[in-house]
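Visitor: Structure below; questions to follow.
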Amino acid sequence: MRNIEILKKLAVNQNIFTFQDIKKISGIDSNILKKILFRLEKKGWIERIEKGKYMIIPLEAKKGKYTLNEFVIGSFLIKPYCIAYWSALNYYGMTEQIPITIFIQTTSRKKKQRLEIFGVKYKIIRVKKDKFFGQKKEWFENVQVNITDREKTIIDCLDKPQYCGGIIEVFKALKEVDFNYNKLINYAKKTNNTGVIRRLGYLVDLLSLNIKMPKIVTRNYLYLDPSMPHKGPKVSKWRLINNLPEDELRKIE
């Protein structure tokens, strides 16, 4: 089978393929196939994303000048995966901030958790299986990509504020966007993390939202935003240390 015919077969469904994909289609010996892929890359027909993963370059494009949507590339970096945190927050228009990193949630281990591909930075965040839920599929360049839904995005950001630009971004989203509050609470419970419930409860009170929060049973205090300086007054109701100036939050339009 000619090289161009192999690429055409691979490109029917998507422009990204793995070494195993092309081996299965071609039936070529692994050592010979590695040499073929090296030549294809040298000619500018494909570009290596990372070890064993390649992107097909359209004939009309120039090598080094073409890339796919960053979410599509991110979807091939690890399995299972889900676009999440600040990336999802930005996708839904819940923040005016544009993250310079694509955040990918997974339950798998990956040796390199930070990557840079075609000038785009990716951060792989591993979570427990009981936190890996609340996903939907969205189309990007004819490829369906997993992304957290709006409510799960908020819960993830409350769980790990350092990956969303901080609690202030969650505050803005809760203030401006209508959510399914029942789903929001159910997701908060499902994470089995009282920190999520406590942070959400504090923001709900601050915004006077009509949400019935579950009770918390803990004596320990944690920081409202662990990414901010570790000092501030205690909020006994939610067992939080408020290290974000409340008056500053109230000023946000």
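Visitor: Got a number for residues in the range 162-221 being over 19 Å from VAL235 (Cα atoms) and touching a Cys at 6+ places or on another chain (Cβ under 6 Å)?
Guide: Result for the range 162-221: 1.
Visitor: Select from the range 150-172 the residues that are among the hydroxyl-bearing types (Ser, Thr, Tyr) and crowded, with 24+ Cβ neighbours inside 10 Å and list them in ascending order.
Guide: Result: THR153, single match.
Visitor: Okay, moving on. Considering the range 139-179 alone, what residues qualify as being of a type in the set (S, T, N, Q) and within 14 Å of LEU200 (Cβ to Cβ)?
Guide: Listed by number, the list holds a single entry, THR153.
Visitor: Say we look at the range 136-162 and pick out the residues that are aliphatic (A, V, I, L, M) and closer than 16 Å to ILE124 by Cβ; which of these is nearest to the chain's Cα centre (by Cα)?
Guide: Looking at residues that are aliphatic (A, V, I, L, M) and closer than 16 Å to ILE124 by Cβ, I get ILE147.
Visitor: A further question on this structure: List the helices (runs of 4 or more DSSP H) inside the range 149-211, counting only whole elements, that have at least 3 residues being among the β-branched types (Val, Ile, Thr) and within 25 Å of ILE98 (Cα to Cα).
Guide: Helices (runs of 4 or more DSSP H) meeting the threshold: 150-159, 167-176.
Visitor: Here is a further query. Within the range 79-91, can one find any residue that is surrounded by fewer than 16 Cβ atoms within 10 Å (Cβ to Cβ) and at pLDDT below 90?
Guide: Looking for residues that are surrounded by fewer than 16 Cβ atoms within 10 Å (Cβ to Cβ) and at pLDDT below 90, one finds none in the range 79-91, hence no.
Visitor: Next question. Provide a single number: the residues in the range 19-56 that are surrounded by 15 or more Cβ atoms within 10 Å (Cβ to Cβ) and either under 16 Å from GLY74 (Cα atoms) or in the same structural domain as LYS79 (by TED's automatic domain parsing) (or both).
Guide: Going through the range 19-56 one residue at a time, the tally reaches 6.
Visitor: Mind checking whether some residue in the range 156-174 is in contact with a helix residue (DSSP H, G or I) (Cβ under 9 Å, 6 or more places away or on another chain), in the same structural domain as ASN90 (by TED's automatic domain parsing) and more than 19 Å from ALA84 (Cβ to Cβ)?
Guide: Within the range 156-174 (the criterion being in contact with a helix residue (DSSP H, G or I) (Cβ under 9 Å, 6 or more places away or on another chain), in the same structural domain as ASN90 (by TED's automatic domain parsing) and more than 19 Å from ALA84 (Cβ to Cβ)), the answer is no, since none of the residues qualifies.
Visitor: Any idea how many residues of the range 119-144 are surrounded by 21 or more Cβ atoms within 10 Å (Cβ to Cβ) and among the β-branched types (Val, Ile, Thr)?
Guide: The qualifying residues number 1.
Visitor: Out of everything in the range 212-243 that is in a loop (DSSP other than H, G, I, E, B), among the polar types (S, T, N, Q) and over 29 Å from the mean Cα position of the chain (by Cα), what residue ends up being surrounded by the fewest Cβ atoms within 10 Å (Cβ to Cβ)?
Guide: ASN220
The values are calculated or read from the model by the stated rules, or taken from the named source; none is laboratory data. Keep in mind that this is a model prediction, so the values were computed, not measured. Reconstructed Cβ throughout: ideal geometry from the backbone, glycine too, with neighbour counts over all protein chains shown.
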